[in-house]
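Reading through the C-alpha cells given below for one structure.
The values are calculated or read from the model by the stated rules, or taken from the named source; none is laboratory data. What you see is a predicted model; the values in this text were computed from it and never measured. Every residue, glycine among them, receives a Cβ derived from its backbone with ideal geometry; neighbour counts consider all protein chains shown. Quick note on the areas: whole protein, heavy atoms, side chains included, nothing else; ligands and nucleic acids left out. Shrake-Rupley method; radii C 1.70, N 1.55, O 1.52, S 1.80 Å.
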Amino acid sequence: MIRPLHRTLPLVALALIASQVCAQAADTPSVTIALDEVKAHIDPQFYGLMTEEINFAYEGGLYGELLRNRSFKGEAGLAYQADTPIYWSALGAAQIALDHSVRLNRALDLSLSLDATGASAEHPAGIANTGYWGVPVRANTPYRASFFARAQGAAGPVTLSIVDKDGHAVASGVVSGLTDTWQRYDVTLRTGAVAPSPAATFTLTTTTPGKIWLQQVSLFGPTYGNRPNGLRPDLMNKLAAMRPGFIRLPGGNYLEGDTFGQRFDWKATLGPVEQRPGHRSPWNYWSTDGMGLLEMLEWSQDLKAEPVLAVFAGYALNGQHVSLAGDLAPFIQDALDEIEYVTGDAATNWGARRIADGHPAPFGLHYIEVGNEDFFDSSGSYDQRFSAFYKAIKAKYPNLRIISTAPLSATPSQRPDVIDEHTYAFGGEAEMYGRVRDYDLRSRTEPKVMVGEWATHDGWRMPTLRAALADAAYLIGLERNADLVVMESYAPLLANLSHIGGGAHDNSVQWAPNLIGYDALNVYGTPSYHVLQMFGSNRGDDVLGTVAGNVPSFTIGGKTYPSLYWLATRRQSDGRVQIKLVNRGTHAQPLRITLRGAHFVADHGTLTVLAGKDPGDTNSLDKPDAIVPLTVPVGGLSREFVRTLPAYSVSVLDFEAR
Ligand code: AHR
C-alpha cells in the first residue's frame with residue numbers, strides 16, 4: 001500500500017521523491033536491463049515461510065491459547081518435573097497437586113486437584129496462571145475461557161478472571177453446576193475500557209468449600225478470521241503482509257524430535273484438542289499439539305499459501321534411525337496417510353477423516369519433503385530411506401515433487417526432484433556476501449533447490465540492519481537463479497522475546513536471529529522481515545537480463561565485496577518491472593539505470609526504501625519502527641535515468657515499462 005504523501009515527511013523521503021535526473025560523472029555505476037531477455041521464470045511459490053515449534057513460535061506465539069500448560073502435562077518427562085503442576089500456582093487457602101488417578105481421558109491422563117476445603121467468601125481458593133510470561137489484556141475484548149471439571153459432591157460456583165498486575169479483575173465470568181462427572185464449561189470474559197498490558201494473570205477461584213479436579217483450562221482472545229482454536233491476529237497480519245507462497249511445515253527439528261517417540265506424530269495432533277496427548281519439542285518445552293496438522297494446513301490456507309509438507313522419515317535428532325528396509329514400512333504408510341489426509345476426498349480413509357475433522361475441501365499440495373537435515377545422518381541410511389519414500393509416494397502421487405534433505409551424493413539410488421539446502425551464514429555478513437553468487441555457478445543439470453533455511457547471523461540477537469542488507473543481497477542472488485532455486489524460506493520465523501536467558505526450561509528464545517519478535521501483547525518486524533516483506537510483495541514472473549558497470553565495493557576483514565546488488569523482474573499480468581537494489585556502501589550511491597529494448601517507460605512509479613544510519617541499528621519491542629520501509633511515488637523515470645540509493649539501503653522500484 002502506498003502511504004499518502006504528507007507535509008511532515010522526513011527529509012530522507014523528500015530526497016527520495018525528488019526527481020534525481022542530474023548530470024553524473026562518467027564512472028557512475030550503471031545497470032542496463034534487457035527487457036527483451038528473460039533469464040528465468042520465478043515460481044509463484046518462490047517466497048515462503050519456514051516454521052516449527054521453536055522460540056515459543058506456536059505455544060506462546062501464533063497459536064491463540066493464552067494459558068501455559070493448560071493440560072498440566074507440561075514438561076512431563078523432563079528431569080525437573082515436580083509433583084505440582086508447573087506454571088500453575090495455588091491462590092488463597094487452596095492446595096493443588098497433580099492427580100494421576102483422576103483422568104479426563106487417555107490423552108490427558110492426569111488432572112489438577114484443587115482442594116478448596118478452606119475456601120470462604122472472605123478467603124477464595126483457586127489457581128492462577130501467568131500465561132507465556134504474561135496474559136495479554138486489550139480493551140473491550142472478549143476472551144473465551146473453558147475448562148473440564150469434576151467435583152467431589154457439590155462444588156462451585158467458580159469465578160474465572162483476568163487480573164491486572166495491581167490485582168484488579170479486568171474481566172470475569174462465573175460458572176456453576178459442577179458435578180461429580182467430567183464436563184466441559186465455557187464462559188466469555190469481556191474487558192471494558194482498560195489499559196492494554198502484556199502482564200495480566202488468569203485466575204479460577206471458588207468461595208465454596210469443596211474439591212475440584214480440573215483439566216484443559218484454556219483462555220483464548222480473538223483469533224484470526226474468528227477460527228475456533230485459532231491463531232493470534234497481530235502475528236497473522238504480519239505474516240499475511242509477506243504474501244508467502246508456501247509454508248514449510250512442521251519443521252525443522254520439530255518434525256524429527258530428539259527420539260522417534262518425540263517426533264511430530266501427526267495422527268496424534270488431530271481431533272478435539274482435549275483428545276491430543278501433546279509431546280515434548282526438541283527445543284526443550286512442551287507442546288500441547290493444539291497447533292496440530294489441520295491447524296497448520298488451515299493456517300496455510302488463510303495466508304493463501306500452500307504447505308510444503310515434511311514427512312517423518314525414520315531419523316531422529318539423537319541419531320536413532322531405521323536401517324532395515326522392512327522397518328520403514330509403517331513410516332512410509334504414515335506419510336502416505338498424511339498426504340491422503342491433506343489431499344484426499346470423502347472416498348478415501350484419511351480424506352474422510354479430514355472432512356470429519358471439519359475441513360471438507362482438500363488442500364493444494366505439490367511438494368513433499370522427506371525428513372529434515374538428513375545430511376546429519378552419518379550412518380548412511382538416508383539413501384535407502386529416501387529412495388523407499390520417493391518410490392512409494394510417486395507410485396501413488398506421481399505429480400508430487402519430492403524434496404531430499406541431503407546433498408545429491410547422499411542419495412545415489414534415487415535422484416530427488418528438489419534438494420533442500422540450509423545456508424545459514426553463522427559467520428556474519430561477510431560470509432553471506434561471499435555466497436551471493438553460489439547458485440550462479442551451480443550446474444543446471446543438478447536437481448532444483450529449495451533454500452529451506454537461511455539467515456545472516458550478526459551475533460546471537462535479532463537481525464540488525466547489517467544482517468538485513470546481506471539477507472537482501474543473498475535473496476537477490478537466489479531470485480536471479482530462479483531457474484534453479486524454486487523456493488526460499490528464512491529461518492526461524494518467530495520468537496517470543498519475553499524471557500531471554502531464563503534458564504534451560506524457561507527461556508523463551510532457543511535460537512537467534514528470527515524474523516519476527518513479540519511478547520504477549522506486542523509484535524514487530526525486524527529489518528530482515530521488512531526485506532522479505534518488500535521482496536515478497538513485489539514479485540515478478542520473469543527475471544530479466546542485466547549488465548552492470550563500475551560496481552563499487554567495500555571491505556570487511558581484509559576482503560572486498562561488491563557494495564551494490566541489483567535484480568530486475570517483470571510481472572506478466574500487467575507488464576510492470578520491479579528493480580530490487582541493495583546499497584551496502586557507507587554513503588549515498590548514484591546509479592544509472594538503462595532500459596534496453598523499451599518502447600515505452602512510464603515517467604512515474606513506486607519506490608519502497610528501507611534504510612538506516614547505522615548498520616548496527618535494529619527494531620525492538622520498545623522501538624518497533626526504528627527501521628521500517630517507506631513507500632513513495634517517484635517521477636523522472638525514462639529509458640535512462642539516475643537514482644541515488646541512500647547509504648545502507650534496500651530499495652524496490654516498481655513501474656510500467658514495455
Ligand atoms: O531453524 C532452526 C533449526 O536449524 C531447524 O530446526 C533445523 O532444521 C536447523 O538445524
Within segment 311-331, residues among the hydrophobic types (A, V, I, L, M, F, W, C), modelled with pLDDT of 95 or more and either surrounded by fewer than 19 Cβ atoms within 10 Å (Cβ to Cβ) or under 13 Å from residue 257 (Cα atoms) (or both) come out as 311, 312, 313, 316, 317, 329
So for segment 60-75 (the condition being buried (at least 24 other Cβ atoms within 10 Å of the Cβ), assigned to a strand (DSSP E or B), hydroxyl-bearing (Ser, Thr, Tyr) and at pLDDT 95 or above), does at least one residue qualify? yes
Residue count, segment 509-562, condition open to solvent by 10 Å² or more (accessible area, probe 1.4 Å), among the β-branched types (Val, Ile, Thr) and either in contact (Cβ under 8 Å) with a residue 12 or more places away in the chain or under 19 Å from residue 617 (Cα atoms) (or both), comes to 5
Among the residues of segment 215-269 satisfying the criterion of being touching a His at 6+ places or on another chain (Cβ under 9 Å), small (Gly, Ala, Ser) and in a helix (DSSP H, G or I), which is surrounded by the most Cβ atoms within 10 Å (Cβ to Cβ)? 268
If residue 272 satisfies all but one of (1) farther than 28 Å from residue 384 by Cα; (2) in contact (Cβ under 8 Å) with a residue 24 or more places away in the chain; (3) more than 14 Å from the ligand (Cβ to nearest atom); (4) surrounded by fewer than 21 Cβ atoms within 10 Å (Cβ to Cβ), what's the number of the condition it fails? (2)
Which residue is nearest to the ligand (Cβ to nearest atom), if the candidates are limited to segment 354-374 and must be surrounded by 18 or more Cβ atoms within 10 Å (Cβ to Cβ) and assigned to a helix (DSSP H, G or I)? 374
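Are any of the residues in segment 561-570 assigned by TED's automatic domain parsing to the domain that holds residue 59, closer than 25 Å to residue 480 by Cα and at pLDDT 95 or above? Steps first, answer last, please.
In the first step, residues of segment 561-570 are kept if they are assigned by TED's automatic domain parsing to the domain that holds residue 59; the result is none.
No, the conditions are met nowhere in segment 561-570.
Taking segment 170-188 as the region of interest, how many residues are under 27 Å from residue 107 (Cβ atoms) and surrounded by fewer than 21 Cβ atoms within 10 Å (Cβ to Cβ)?
Our first condition is that a residue be under 27 Å from residue 107 (Cβ atoms); within segment 170-188, this holds for 173, 175, 177-188.
Restricting the remaining residues to those that are surrounded by fewer than 21 Cβ atoms within 10 Å (Cβ to Cβ) gives 173, 175, 177, 179-188.
So the count comes out to 13.
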Being hydrophobic (A, V, I, L, M, F, W, C) and part of a strand (DSSP E or B): is that true of residue 628 here? no
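Yes or no, residue by residue, for (1) closer than 18 Å to residue 244 by Cα; (2) crowded, with 23+ Cβ neighbours inside 10 Å:
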| residue | (1), (2) |
| --- | --- |
| 434 | no, no |
| 442 | no, no |
| 446 | no, no |
| 459 | no, no |
| 470 | no, yes |
| 480 | no, yes |
| 492 | yes, yes |
| 495 | no, yes |
In segment 567-591, which residues are open to solvent by 50 Å² or more (accessible area, probe 1.4 Å) and out of contact with any Asp or Glu (no Cβ under 7 Å at 6 or more places or on another chain)? 573, 574, 586, 587, 588
Residue set 139, 97; condition assigned to a loop (DSSP other than H, G, I, E, B) and open to solvent by less than 70 Å² (accessible area, probe 1.4 Å); output residue 139
Out of (1) in contact with a strand residue (DSSP E or B) (Cβ under 9 Å, 6 or more places away or on another chain); (2) assigned to a loop (DSSP other than H, G, I, E, B); (3) more than 14 Å from the ligand (Cβ to nearest atom), what's the single condition that is false for residue 297? (2)
Selection within segment 375-400 - in a loop (DSSP other than H, G, I, E, B) and open to solvent by 80 Å² or more (accessible area, probe 1.4 Å): 378, 398, 399
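If you scan segment 142-169, which residues turn out to be of a type in the set (Gly, Ala, Ser) and either buried (at least 19 other Cβ atoms within 10 Å of the Cβ) or outside any loop (DSSP other than H, G, I, E, B) (or both)?
Residues satisfying the conditions are 145, 146, 149, 151, 155, 156, 161, 169.
Is it the case, given these coordinates, that residue 245 is closer than 14 Å to residue 313 by Cβ and either touching a residue at least 40 places away in the same chain (Cβ under 8 Å) or in contact with a strand residue (DSSP E or B) (Cβ under 8 Å, 6 or more places away or on another chain) (or both)? Walk me through how you get there before you give the answer.
Details: closer than 14 Å to residue 313 by Cβ: no; either touching a residue at least 40 places away in the same chain (Cβ under 8 Å) or in contact with a strand residue (DSSP E or B) (Cβ under 8 Å, 6 or more places away or on another chain) (or both): yes.
Answer is no for this residue.
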Just to be sure, is residue 511 farther than 24 Å from residue 610 by Cα and within 15 Å of the ligand (Cβ to nearest atom)? yes
The condition of being more than 16 Å from the ligand (Cβ to nearest atom) and aromatic (Phe, Trp, Tyr) holds, among 529, 524, only for 524
Kindly indicate whether any position in segment 83-92 is within 14 Å of residue 212 (Cα to Cα) and open to solvent by less than 40 Å² (accessible area, probe 1.4 Å). no
Has segment 110-119 got at least one residue that is in contact (Cβ under 8 Å) with a residue 40 or more places away in the chain, open to solvent by 50 Å² or more (accessible area, probe 1.4 Å) and in the same structural domain as residue 197 (by TED's automatic domain parsing)? yes
Evaluation of residue 129 against (1) surrounded by 15 or more Cβ atoms within 10 Å (Cβ to Cβ); (2) more than 18 Å from residue 64 (Cβ to Cβ) (one fails), failing number: (2)
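Tell me the residue from 654, 617, 603 that is open to solvent by 30 Å² or more (accessible area, probe 1.4 Å) and either within 25 Å of residue 465 (Cβ to Cβ) or assigned to a loop (DSSP other than H, G, I, E, B) (or both), please.
617
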Mind checking which residues of segment 408-422 are within 15 Å of the ligand (Cβ to nearest atom) and either touching a Gly at 6+ places or on another chain (Cβ under 9 Å) or open to solvent by 30 Å² or more (accessible area, probe 1.4 Å) (or both)? 420, 421, 422
